[in-house]
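Written below as structure tokens is the structure these notes are about.
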Amino acid sequence: MESQMVSELTNGVQNHLSLQSVPGKQPFIIGVAGGTASGKTTVCNMIISQLHDQRVVLVNQDSFYHSLSEEKLKNVHEYNFDHPDAFNTELLLSCMEILRHGEAVKIPDYDFKTHKSSPSVYKVNPADVIILEGILVLHDSRVRDLMNMKIFVDTDSDVRLARRIQRDTVERGRNIQNVLDQYAKFVKPSFDEFVLPSKKYADIIIPRGGDNDVAIDLIVQHIRLKLGQHDLCKIYPNIFVIHSTFQIRGMHTLIRDSLTTKHDFVFYSDRLICLVVEHGLGHLPFTEKQVTTPTGSVYSGVDFCKRLCGVSVIRSGESMENALRACCKGIKIGKILIHREGDNGQQLIYEKLPTDISERHVLLLDPILGTGNSAVQAINLLIRKGVPESNIIFLNLIQAPQGVHVVCKRFPRLKIVTSEIEIGLNEDFRVVPGMGEFGDRYFGTDDDERQVVIGS
């Protein structure tokens, strides 16, 4: 059964990798190790509970115990469950590799009373955060290499023994003497030989396990920071991706669904655009300001940037104008029309901008950043009109990495704000997975009705 499962999972990984030519955003993988009954599961559950607005799954190394043969079952008390050889690490690696590439995977269901994997398995879905927990998850270098963060839960040995006795007698139906014999013969020696040495590989050591609230809080803060950081954000400090939540993910799911009605597409697109606009406004300069409240108290706050305008890249960019007006009362909005000629050529055919645009901060509006060609044309026009590069904030809903590279390399002082960075472009230079022709879906037109094809 195990060899067949390993073969199926390995084939699944290879097939998935051959189909996915451009890697997507990888999940954040955390390894949580420590001695038996050290509080690893408690630590994992605390992390999961605080990351309530993210998709988090827990994979337990215990699920990958080898099933014991009938011969070994006869002498089960002589079997060392704390030795690396007790685990099917190849199967664990296969399952983790599938999860890492965004596919659901079937995990063995191990029974601690029968010491066998049951015929049934349970499904683990892909997630933003994958926590791998077990006594020896930091022992094997191949498993460690999968991890973005490595944690070792360090708890006093007497406390661990007391917890082990309670767990094995209550949950696993064993008597105290057997627990003590197993601990002395196998658990403690294996801890000293395999588990404790793996502590040196940990990025973070948590004394007292689940009782250490401060350590858990710091870990969660770090995870949140990393989740909001696409790999491109590490290359280009001028890219800002808004923090993803289930609400944002849900709205993206709706507007990407080809079956979503125009009404719903417009409604949820507007909501997402408002979030992007608000985030973009947060990058404008502010001045400190004190006001007197109706209670007669003084409130120390900030005053908005007054010299501001929007510029939309016709026609998709016009879909972002209502959200901008809702956030900035009375804001001036200019227009730029760019015609695509082939895949690389771009022709500016219309522009109408505020006469004093050189004195303003500019929010450039275009929901899709694909190849980046039309974006370069639009930004170059603004710069020629006297707008400092550092005064331009480019707002998108989604971006392709190719466009990000083009724009950021050309304009390193420009700021770009988006809600998601995509996998890439297909052979037709369309953003994938994308959401189709945004302007057509937003304004309710089709290919036959369009007079101009707007660039990315």
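Brief remarks on what is shown
- Answer label, with Rg/Rh (Cα atoms, Kirkwood Rh) calculated from the coordinates and candidates (1) 1.04; (2) 1.09; (3) 1.01: (2)
- Those aspartates and glutamates that a straight Cα-Cα span of less than 15 Å connects to LYS262, excepting residues fewer than 8 apart in one chain: ASP270, GLU437, ASP440, ASP446
- Peptides 291-298, 417-424 ordered by average Cβ neighbours within 10 Å, highest first: 417-424, 291-298
- Taking amide H as placed 1.01 Å from N in the peptide plane, the amide H of VAL32 sits under 5 Å from that of LEU132, GLU133, GLY134, ILE151, each at least 5 places away or on another chain.
- Distance in nm between pseudo-label sites at HIS283 and ILE383 (7 Å out along the Cβ direction from Cα): 1.6 nm
- In this rough spin-label picture, where each label sits 7 Å from Cα along the Cβ direction, the LYS329-PHE267 distance is 2.8 nm.
- Links that overshoot a 22 Å alpha carbon limit, given the list LYS385/LYS415; LYS40/LYS234; LYS150/LYS234; LYS72/LYS185: LYS40/LYS234
- For the chain, calculated [θ]222 nm from helices alone, where every DSSP H run of n ≥ 4 adds -39500 (n - 2.57): -10500 deg cm²/dmol
- Residue ranges 178-189, 306-317 sort as 306-317, 178-189 when ordered by packing (mean number of other C-beta atoms within 10 Å per residue, highest first).
- By average C-beta atoms within 10 angstrom, highest first, the peptides 204-210, 107-113: 204-210, 107-113
Read-outs throughout are calculated quantities, based only on the coordinates presented, and are distinct from any laboratory measurement. Bear in mind the structure is a predicted one, so any value in this text is a computation, not a measurement. Because the Cβ atoms are built from the backbone with ideal geometry, glycine has one as well, and the counts that use them run over all protein chains shown.
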